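Participant: Let me begin by handing over the structure; questions about it come next.
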Amino acid sequence: MSANAPHRTYHVPAGGLPGQRELTTDRARFTTAYAVIPKGTMRDITTQGLPHWEDTRVWVLARPLTGFAETFSQYLVEIAPGGGSDDPESDPGAEAVLFVVGGELTLTLAGEEHVLAPGGYAFLAPGASWTLRNTGGDAASFHWVRKRYEKVEGVEAPDSFVTNEQDVEPTAMAGTDGAWATSRFVDPLDVRHDMHVTIVTFAPGGAIPFPETHVMEHGLFVLEGKAVYLLNEDWVEVEAGDFMWLRAFCPQACYAGGPDSFRYLLYKDMHRHSRLGGVLAG
């Protein structure tokens, strides 16, 4: 960890329920091009459990939907002390990224234990043998991004690894003087990886200065700060704890606001041919 690394904060869901006197209106929306799931919707009654997980609750933020975003799922998971799983993944073809935002978790990967504190990042290759337990005294929260790995003949699948955001030097976007930077956990040109999960950081006032319109699907969970985000034709205010879910080719841009950095965990699918279909498929 760099001695000059900035202190980072990560939004942790509070759960609970709003009071009966609170207003119902919020920023939640689901359109044909994007969805916004604000932090206020992540309440006790929107959680669920998973097979073979103990003392664990899950907010499902994204799942494959035909005609929308089809490549990935994303969970926000909370594990009580002593909870976790010794049989966490039911799909042998799934790869995953775990990103810890609160508490501490013990990941056992191929027989080796790793303690993941906030900022802890693990890439789990398809077919990896792993378990996850909360061995601390407080609840622990993490993001779990899952994708079915797309094998390519002659290209080896990537290896699993564990790191922490504090050990990754952000890469500034060209011409931004550091106002827009990305923490990349894998080589962006490594075609073994068919998904990237990165952290994007904007200094106050930083911006995406054009509407990105591209084939990659996105999941964006705001870790810190606030901004105004362009989603298709709408400018939407977002803040720490909000999740944005974009289908392919949804235009996007943003202006970071507020006194703090605006940061989000970003998923996108990468480095694979587009599947061909339609009436000519056979």
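Participant: Identify all residues within the stretch 25-48 that are of a type outside the set (S, T, Y) and open to solvent by less than 50 Å² (accessible area, probe 1.4 Å); write none if there are none. Spell out the reasoning first.
Facilitator: Step one: list which residues in the stretch 25-48 are of a type outside the set (S, T, Y), which gives 26-30, 33, 35-40, 42-45, 48.
Matches in the stretch 25-48: A33, A35, V36, I37, P38, G40, M42.
Participant: Cβ contacts < 6 Å: first residue surrounded by fewer than 18 Cβ atoms within 10 Å (Cβ to Cβ), restricted to the stretch 71-95; second residue small (G, A, S) and assigned to a loop (DSSP other than H, G, I, E, B), any location; separation 6+ or different chain. Result?
Facilitator: A80/A139; P81/G137; P92/G127
Participant: What single numbered condition from (1) buried (at least 16 other Cβ atoms within 10 Å of the Cβ); (2) closer than 24 Å to Q74 by Cα fails to hold for V215?
Facilitator: Single failed check for V215: (1).
Participant: Which of the residues belonging to the stretch 59-70 are without any contact (Cβ under 8 Å) to a residue 40 or more places away in the chain and part of a strand (DSSP E or B)?
Facilitator: V60
Participant: Take residues that are open to solvent by 30 Å² or more (accessible area, probe 1.4 Å) and tell me which of the strands (runs of 3 or more DSSP E) falling wholly in the stretch 106-176 contain 1 or more. Write out each step before concluding.
Facilitator: Values: elements: 112-116, 120-124, 130-133, 140-148, 161-164.
Correct list: 112-116, 130-133, 140-148, 161-164.
Participant: Okay, next question. Which condition from (1) hydroxyl-bearing (S, T, Y); (2) over 19 Å from the mean Cα position of the chain (by Cα); (3) surrounded by 18 or more Cβ atoms within 10 Å (Cβ to Cβ) is the one that S274 breaks?
Facilitator: S274 satisfies all of (1) hydroxyl-bearing (S, T, Y); (2) over 19 Å from the mean Cα position of the chain (by Cα); (3) surrounded by 18 or more Cβ atoms within 10 Å (Cβ to Cβ) except (3).
Participant: Right, here's the next one. For G206, work out the one condition from (1) within 15 Å of A69 (Cβ to Cβ); (2) over 20 Å from the mean Cα position of the chain (by Cα); (3) open to solvent by less than 10 Å² (accessible area, probe 1.4 Å) it doesn't fulfil.
Facilitator: Unmet condition: (1).
Participant: Modelled with pLDDT of 95 or more, under 30 Å from G154 (Cα atoms) and surrounded by 15 or more Cβ atoms within 10 Å (Cβ to Cβ): which single residue out of V238, V197, V228 fits that description? Even if it seems obvious, please write down each step before you answer.
Facilitator: Numbers: V238 fails: under 30 Å from G154 (Cα atoms); V228 fails: under 30 Å from G154 (Cα atoms).
Criteria check complete, one pass: V197.
Participant: Quick one: would you say E22 is within 20 Å of the chain's Cα centre (by Cα), under 23 Å from V236 (Cβ atoms) and open to solvent by 60 Å² or more (accessible area, probe 1.4 Å)?
Facilitator: On the way: within 20 Å of the chain's Cα centre (by Cα): no; under 23 Å from V236 (Cβ atoms): yes; open to solvent by 60 Å² or more (accessible area, probe 1.4 Å): yes.
In short, no.
Participant: Please work out if V186 is among the hydrophobic types (A, V, I, L, M, F, W, C), touching a residue at least 60 places away in the same chain (Cβ under 8 Å) and under 20 Å from A256 (Cβ atoms).
Facilitator: Values: among the hydrophobic types (A, V, I, L, M, F, W, C): yes; touching a residue at least 60 places away in the same chain (Cβ under 8 Å): yes; under 20 Å from A256 (Cβ atoms): no.
Spelling it out, it is not the case that V186 is among the hydrophobic types (A, V, I, L, M, F, W, C), touching a residue at least 60 places away in the same chain (Cβ under 8 Å) and under 20 Å from A256 (Cβ atoms).
The values are calculated or read from the model by the stated rules, or taken from the named source; none is laboratory data. Keep in mind it's a predicted model, so treat the numbers as computed, not measured. As a convention, Cβ positions derive from the backbone with ideal geometry for all residues, glycine included, and neighbour counts pool all protein chains shown. These accessible areas exclude ligands, DNA and RNA; they are computed on the full protein's heavy atoms, side chains included. Shrake-Rupley method; radii C 1.70, N 1.55, O 1.52, S 1.80 Å.
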